[in-house]
Amino acid sequence: MNETVEPIAIVGLSLRVPGAASAEEFWRNLVVGAESLTRFTRAELLARGVPAEQLDDPAYVPVAAVLDGVDRFDAELFGLSPRDAELTDPQQRLFLEHAHAALTDAGCDPARYDGEIGVYAGGNADLYQWLNVRRNPSALADAGELRVSLGNKPDYLASTVAFRLGLRGPAMTVQTACSSSLVAVHLAAEALRSGECDTALAGGVCVELPHGVGYVADEGYTSADGHCRPFDADADGTVYGSGVGVVVLKRLSDALADGDDIRALVIGNAVNNDGSAKASFTAPSVTGQVEVVTQALAVAGVAPRSVGYVEAHGTGTVLGDSIELAALSTAYGRRTAERGWCGVGSTKANIGHLSAAGGVIGLIKTVLSMRHRLIPPTVNHDRPHPDIDIEASPFYVVSTLTKWEPEDQRPLRAGVSSLGLGGTNAHLVLQEAPPRVPPEPDHGGGELLQVSAATPDALAAACARLAERLTGGPDVGLRDVAYTLREGRPAYRHRAAVVAVDRARAAAALTDPKRRAAGDAATPPRVGLLLPGQGAQHPGMGAHLAATEPVFAAAVDECAAILGWDAGEMIFDAGPGADERLAGPAVAQPALFAVEYALAALWRHWGVTPAAMIGHSVGELVAATVAGVFDLPDALRLAAARGRLVQAAPEGRMLAVQRGADEIAPLLPDGVAVAISNGPHTCVVGGAPEPVAAAEVLLRERGIGCTPLRS
């Protein structure tokens with residue numbers, strides 16, 4: 001690998017394509033070889049507004065690569081009015097949604113990110129305004145030209161994302177026809193290497209309009225039977241479709257430093273144009289494609305023989321596929337006479353040709369393939385087209401689910417091509433992610449998982465998705481999940497939280513409304529701290545928190561230093577003698593003070609400011625200190641002095657009694673008195689040990705419940 005060119009890490013991604021609303025669904029469809037194209041009946045097409053005379057055309061093909069949810073958009077989440085959302089091109093809406101989703105997948109909250117985030121985006125023509133908005137004169141007059149233009153012109157595709165998500169890096173709309181999204185990835189990678197931004201979003205979007213209808217086949221260009229067959233003997237054209245894909249990119253050094261989940265690396269990338277050395281503007285060129293692949297391999301600094309798979313442009317047109325494979329064979333076969341060692345395929349057979357979004361979808365497919373070490377089949381391929389001399393090339397068409405061999409080949413490498421009508425070519429060389437550091441084992445003390453969303457329904461859906469990811473996703477530590485939720489997600493108004501010790505219990509709590517705390521940040525709950533007194537202490541108290549929460553440990557250490565103690569020995573130790581040591585008020589009271597004070601500090605660190613505090617005995621002193629009545633050294637010295645005085649006093653005992661003070665007082669033997677009246681039906685009595693023991697026997701004989709209290 002070229003050590004002078006820094007690899008670019010892919011750290012997040014999001015997509016929606018025909019048949020799949022997520023990368024996970026897309027991968028499942030690829031593995032089973034699903035062809036996600038919809039065939040319509042005549043009645044369905046008539047209902048969708050297709051004229052009968054068009055359906056009667058012998059060349060009409062009732063097939064489309066349909067994208068679900070094109071008409072749905074969470075306008076409120078992005079600060080758009082419902083009217084502005086209606087006026088906005090679905091391509092603009094989709095790209096904004098998936099830019100947001102990709103950043104979320106990368107664990108990046110733009111509001112808290114220190115660096116600059118760039119946006120590089122490609123889209124198709126703005127047909128929406130011409131087929132919809134401008135055909136409604138009243139809507140156009142009400143909105144005005146500028147408002148319609150801002151929501152529809154491709155010029156604003158990237159800038160809209162930057163504005164709505166608060167991104168300060170370069171925002172560039174890329175228009176190179178079908179290669180737009182892969183050219184966008186190339187530009188983003190170069191911008192990262194040159195320091196123009198620190199993180200970059202790159203991708204593309206296409207929504208075919210009218211949506212969800214067939215097309216009139218054009219011989220040699222679009223398929224006559226509604227099947228896309230890259231490299232196949234029966235190939236007769238492509239099938240156009242709709243989709244969106246976005247990746248999040250970082251310099252590898254930054255991704256490693258930030259602990260990102262690296263999906264794959266871009267180690268080489270290049271773009272060029274065929275120029276005039278071809279038959280026509282729309283014709284592809286072997287020479288131009290050979291040069292761009294060769295350049296990308298040179299940037300990567302790797303031998304072509306180390307690449308095990310190439311995701312081709314592969315549109316299913318005979319002319320395009322034959323020229324592309326000839327170019328790939330020349331570039332990848334330069335230094336070897338071996339044949340059939342590299343797989344080649346195209347996802348267009350599964351989902352159609354997504355125009356400006358096609359390149360990034362091919363990239364995402366290849367990233368998923370590397371991660372799973374499987375190459376999905378290129379469907380609709382039975383035998384090579386006679387114009388393609390596959391047997392004399394380094395390639396074989398991957399037509400069945402294939403294990404990426406050899407198993408010990410490390411690292412895996414792949415190429416991705418995208419070719420634009422007009423001759424702008426792009427090629428990327430990918431390498432699998434560096435070995436992941438195994439997640440640290442969960443410490444067993446529980447993690448706080450925080451989820452937020454803009455609406456209650458979205459919050460419930462987010463909790464459900466997180467639960468599904470915890471039970472069926474990759475093996476990640478619960479602590480890592482909690483950190484990402486806390487630091488890498490925007491904080492929305494509606495919030496929920498659960499505490500759990502493992503992923504299974506976290507998932508169960510997230511899906512049970514009774515077990516997850518929920519609230520509205522617009523009306524935050526008032527939190528009170530209740531701080532107990534002597535008797536709440538126990539050996540080892542706070543030891544686990546000190547081992548896992550640095551803020552808590554630091555606060556206890558600060559108290560111990562004032563007292564002249566070793567915190568591990570005097571407070572956290574649970575070994576022999578610890579119970580006896582903590583039984584004495586001289587140790588118990590300042591030890592309790594230190595632990596309670598540290599707990600209050602930890603809650604403050606977590607962002608919880610108490611609206612009220614109440615304490616008993618030592619707890620009252622802690623509450624006063626947290627409230628600013630005492631400074632910490634004075635309060636600790638007071639707690640220690642109080643403990644010594646209590647220990648020097650004659651020994652005593654207490655009973656909690658389940659009756660009111662007025663009822664109990666006449667029943668008590670000499671030497672025992674009511675010490676505390678807690679309420680109409682409960683009190684505490686105290687005195688010397690022997691009289692209190694006698695009082696306990698007397699009260700129990702009368703059927704009155706009582707419990708000895710630990711002093």
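The values are calculated or read from the model by the stated rules, or taken from the named source; none is laboratory data. Predicted model, so just to flag it, every value in this text is computed and none were measured. In this analysis, Cβ positions are derived from the backbone assuming ideal geometry, glycine residues included, and neighbour counts consider all displayed protein chains.
Would it be correct to say that Val646 is within 22 Å of Val672 (Cβ to Cβ) and surrounded by fewer than 20 Cβ atoms within 10 Å (Cβ to Cβ)?
Yes; evaluated as a whole, the condition is true for this residue.
Six or more apart or on different chains, Cβ under 6 Å: which pairs go from a residue in region 488-508 that's touching a residue at least 40 places away in the same chain (Cβ under 8 Å) to one that's among the basic types (Lys, Arg)? Could you list them?
Ala496/Arg516; Val498/Arg516
Looking at (1) small (Gly, Ala, Ser); (2) surrounded by fewer than 19 Cβ atoms within 10 Å (Cβ to Cβ); (3) in contact with a strand residue (DSSP E or B) (Cβ under 6 Å, 6 or more places away or on another chain), which is the one condition that is false for Ala21?
Exception for Ala21: condition (3).
Suppose we filter Gly362, Gly314 for residues that are surrounded by 24 or more Cβ atoms within 10 Å (Cβ to Cβ), at pLDDT 95 or above, assigned to a loop (DSSP other than H, G, I, E, B) and in contact with a helix residue (DSSP H, G or I) (Cβ under 8 Å, 6 or more places away or on another chain); which single one remains?
That would be Gly314, the only listed residue that is surrounded by 24 or more Cβ atoms within 10 Å (Cβ to Cβ), at pLDDT 95 or above, assigned to a loop (DSSP other than H, G, I, E, B) and in contact with a helix residue (DSSP H, G or I) (Cβ under 8 Å, 6 or more places away or on another chain).
Restricting attention to region 581-598, does a residue exist that is surrounded by 14 or more Cβ atoms within 10 Å (Cβ to Cβ), touching a strand residue (DSSP E or B) at 6+ places or on another chain (Cβ under 7 Å) and in contact (Cβ under 8 Å) with a residue 40 or more places away in the chain?
yes
Yes/no per residue for (1) on the phi < 0 side of the Ramachandran plot; (2) touching a strand residue (DSSP E or B) at 6+ places or on another chain (Cβ under 7 Å); (3) assigned to a loop (DSSP other than H, G, I, E, B):
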residue: Thr484; (1), (2), (3): yes, no, no
residue: Tyr492; (1), (2), (3): yes, yes, yes
residue: Arg495; (1), (2), (3): yes, yes, no
residue: Val498; (1), (2), (3): yes, yes, no
residue: Arg505; (1), (2), (3): yes, no, no
residue: Ala508; (1), (2), (3): yes, no, no
residue: Pro513; (1), (2), (3): yes, no, yes
residue: Ala518; (1), (2), (3): yes, yes, no
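Looking only at region 56-74, which residues are loosely packed, with under 15 Cβ neighbours inside 10 Å and in contact (Cβ under 8 Å) with a residue 24 or more places away in the chain?
Asp57, Ala59, Asp68, Gly69
Under the condition of being part of a helix (DSSP H, G or I) and aromatic (Phe, Trp, Tyr), which residue from region 554-595 is nearest to His538 (Cα to Cα)? Spell out the reasoning first.
First, pick out the residues of region 554-595 that are part of a helix (DSSP H, G or I): 554-563, 567-572, 578-583, 585-595.
So of that shortlist, the ones also aromatic (Phe, Trp, Tyr) come out as 572, 593.
On the way: Phe572: 9, Phe593: 13 Å.
Restricting to residues being part of a helix (DSSP H, G or I) and aromatic (Phe, Trp, Tyr), the top hit is Phe572.
Scanning for something charged (D, E, K, R) and crowded, with 19+ Cβ neighbours inside 10 Å, does region 276-290 turn up at least one residue? I'd like the intermediate steps shown before the answer.
First pass over region 276-290, keeping only residues charged (D, E, K, R): 278.
Next cut, crowded, with 19+ Cβ neighbours inside 10 Å only: none.
No: zero hits.
Determine whether region 79-94 contains at least one residue that is under 15 Å from Val246 (Cβ atoms) and in contact with a strand residue (DSSP E or B) (Cβ under 6 Å, 6 or more places away or on another chain).
Checking region 79-94: at least one residue is under 15 Å from Val246 (Cβ atoms) and in contact with a strand residue (DSSP E or B) (Cβ under 6 Å, 6 or more places away or on another chain).
In region 626-660, which residues are part of a helix (DSSP H, G or I) and polar (S, T, N, Q)?
Gln647
For residues in region 554-564 being surrounded by fewer than 19 Cβ atoms within 10 Å (Cβ to Cβ) and of a type in the set (A, V, I, L, M), which is nearest to the chain's Cα centre (by Cα)?
The extreme case among them is Ala554.
Quick one: in region 155-202, of everything that is of a type in the set (Ser, Thr, Tyr) and assigned to a helix (DSSP H, G or I), which residue is surrounded by the fewest Cβ atoms within 10 Å (Cβ to Cβ)?
Ser159
Looking only at region 657-672, how many residues end up being surrounded by 13 or more Cβ atoms within 10 Å (Cβ to Cβ) and in contact (Cβ under 8 Å) with a residue 12 or more places away in the chain?
Summing the residues that are surrounded by 13 or more Cβ atoms within 10 Å (Cβ to Cβ) and in contact (Cβ under 8 Å) with a residue 12 or more places away in the chain in region 657-672 gives 11.
Inspect all residues belonging to region 111-122 and state whether any of them is within 24 Å of Val17 (Cβ to Cβ), modelled with pLDDT of 95 or more and out of contact with any helix residue (DSSP H, G or I) (no Cβ under 7 Å at 6 or more places or on another chain).
For region 111-122, residues within 24 Å of Val17 (Cβ to Cβ), modelled with pLDDT of 95 or more and out of contact with any helix residue (DSSP H, G or I) (no Cβ under 7 Å at 6 or more places or on another chain): absent.
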